[in-house]
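> Before we start, here is the structure in question, set down as structure tokens.
No value in this document is a laboratory result; all are computed from the given coordinates. Computed from a predicted structure; not experimentally measured. Ideal geometry is used to build each Cβ from the backbone, glycine not excepted, and the neighbour counts take in all protein chains shown.
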Amino acid sequence: MVHKSSVPLYWRLQKSRYTLTGTKCHTCNTVYFPPKEFCPACRRKGDIREFRFSGRGKIISYTVIRVPPEGFEKYTPYTVAIIELDEGTRLSGQVVGNPESIDIGRKVSPVFRKFHEDGPAGLIQYGIKFELVAEETPLK
């Protein structure tokens, strides 16, 4: 079965996909991605507001996809990682570049890239992926 996008869902998630916008509870300072309507810790006392993440973080865990689901064959091999953002939340995302360069603990930053297209005349989806931050070498 070939993947087809839901246009209403695509537009509803556009803000969080394009800008890594989540929420923050200003009562307990907990951040959430994807966004939440209320704070699970504070419940009704929570003061939830929109929050934009920097997208910078580090790789906690990753896997290299070599045998993809149907419709994603042309993208292999690709890497999907769990990334801990500098603001404290974790999310999963694709890390672009050579899978052999990726390692746990490596720093990443956000990049805007194409996710998928539903055939030649279908919906093209874009969003945030991650790239490795060049490691700094100390001056001698």
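> Cut-off under 19 Å on the C-alpha distance; same-chain residues fewer than 8 positions from Lys114 excluded. Which aspartates and glutamates are left, in chain and number order?
Partners within reach: Glu70, Glu73, Glu131.
> Using the basic label-point model (7 angstrom from Cα toward the beta carbon), what is the Ser92 to Cys28 distance in nanometres?
Roughly 2.5 nm, to one decimal.
> Starting from the Cα of Lys45, draw a straight line to each of the aspartates and glutamates and keep only those under 19 Å, dropping any in the same chain fewer than 8 residues away.
Glu37
> Going down the list Lys24/Lys74; Lys74/Lys129; Lys24/Lys129; Lys36/Lys74, which pairs span over 27 Å between their C-alpha atoms?
Lys24/Lys74; Lys36/Lys74
> Within the stretch 58-92, find all residues whose amide N lies under 11 Å from a label point positioned 7 Å from the Cα of Ala134 along Cα-to-beta-carbon.
none
> Quick one: order Cys28, Cys39 by neighbouring beta-carbon count within 10 Å, fewest to most.
The order, fewest Cβ neighbours first, is Cys28, Cys39.
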